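**Q** One structure, pasted below without further comment.
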Amino acid sequence: MEEILKKIKHTYECMTTDAKGSARGIEILWNSIEFIVDYWIGMKRILTGRFRLIGHINWFLVSEVYGPHITVERGNFLTQMQQLENMHTKKLWLIVGDFNMITSKEENKGGIQREEPDMARFKETHSALKMIDIHTINGKYTWNN
């Protein structure tokens, strides 16, 4: 077991952001034997790195997000997402995490079905960034109210 732990410690790297106010800290882990990371950007709720698989020439972005659950913070978060897109045009971009927003009332599972104040803005951002939502089916770690 100790040998396995040594191997994991030496092959995986991590980039993190600290918790700030209502924002949780977030992190991205990768296997340094398989991927090269040449830079990363940490924002309050977004952590983005540029990755390349060793032996390949194409770079891609990975962003981990933890969207605000407080309504007044959502506009700034969506603006930051659009700024990132403007900085990294024409690259593959994988965005993972929790936006804490929905694009339609049908996405709201459980609780009270109501119009979210930022639903239209999130839907616009979702469309502008050409995001594809990959829905989970009976996800083990998917939260429903």
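**Q** Filter the range 42-60 for residues that are of a type in the set (A, V, I, L, M) and at pLDDT 90 or above; which is farthest from residue 11 (Cα to Cα)?
**A** Residues of the range 42-60 that are of a type in the set (A, V, I, L, M), as a first pass: 43, 46-47, 53-54, 57.
From what is left, the residues that are at pLDDT 90 or above are 46-47, 53-54, 57.
Working: 46: 24, 47: 21, 53: 14, 54: 14, 57: 21 Å.
Looking at the filtered set, the residue picked out is 46.
**Q** Is the range 80-93 home to any residue that is β-branched (Val, Ile, Thr) and out of contact with any strand residue (DSSP E or B) (no Cβ under 6 Å at 6 or more places or on another chain)?
**A** Checked against the condition, which is being β-branched (Val, Ile, Thr) and out of contact with any strand residue (DSSP E or B) (no Cβ under 6 Å at 6 or more places or on another chain), the range 80-93 yields at least one hit.
**Q** Across the range 40-98, what is the number of residues that are over 16 Å from the mean Cα position of the chain (by Cα), assigned to a loop (DSSP other than H, G, I, E, B) and among the small types (Gly, Ala, Ser)?
**A** 1
**Q** Any idea how many residues of the range 15-39 are in a strand (DSSP E or B) and more than 15 Å from the chain's Cα centre (by Cα)? Lay out the reasoning, then the answer.
**A** Keep residues of the range 15-39 that are in a strand (DSSP E or B), which gives 15-17, 20, 23, 26-31, 35-39.
Restricting the remaining residues to those that are more than 15 Å from the chain's Cα centre (by Cα) gives 20, 31, 35-39.
Going through the range 15-39 one residue at a time, the tally reaches 7.
**Q** Follow-up question, since we're still on this one. It is to be established whether one or more residues within the range 87-107 are at pLDDT 90 or above, more than 20 Å from residue 41 (Cα to Cα) and among the β-branched types (Val, Ile, Thr).
**A** Within the range 87-107, not a single residue is at pLDDT 90 or above, more than 20 Å from residue 41 (Cα to Cα) and among the β-branched types (Val, Ile, Thr).
**Q** Does residue 55 meet the test of being without any contact (Cβ under 8 Å) to a residue 60 or more places away in the chain and on the phi > 0 side of the Ramachandran plot? Walk me through it before giving the result.
**A** Working: without any contact (Cβ under 8 Å) to a residue 60 or more places away in the chain: yes; on the phi > 0 side of the Ramachandran plot: yes.
Spelling it out, residue 55 is indeed without any contact (Cβ under 8 Å) to a residue 60 or more places away in the chain and on the phi > 0 side of the Ramachandran plot.
**Q** Right, another one. Scan the range 57-95 residue by residue and report those that are farther than 15 Å from residue 130 by Cβ, of a type in the set (Phe, Trp, Tyr) and surrounded by fewer than 19 Cβ atoms within 10 Å (Cβ to Cβ).
**A** The one that is farther than 15 Å from residue 130 by Cβ, of a type in the set (Phe, Trp, Tyr) and surrounded by fewer than 19 Cβ atoms within 10 Å (Cβ to Cβ): 59.
The values are calculated or read from the model by the stated rules, or taken from the named source; none is laboratory data. Values in this document were obtained by computation on a predicted structure and should not be read as measured data. We place every Cβ from the backbone using ideal geometry, glycine too, and count neighbours over all the protein chains shown.
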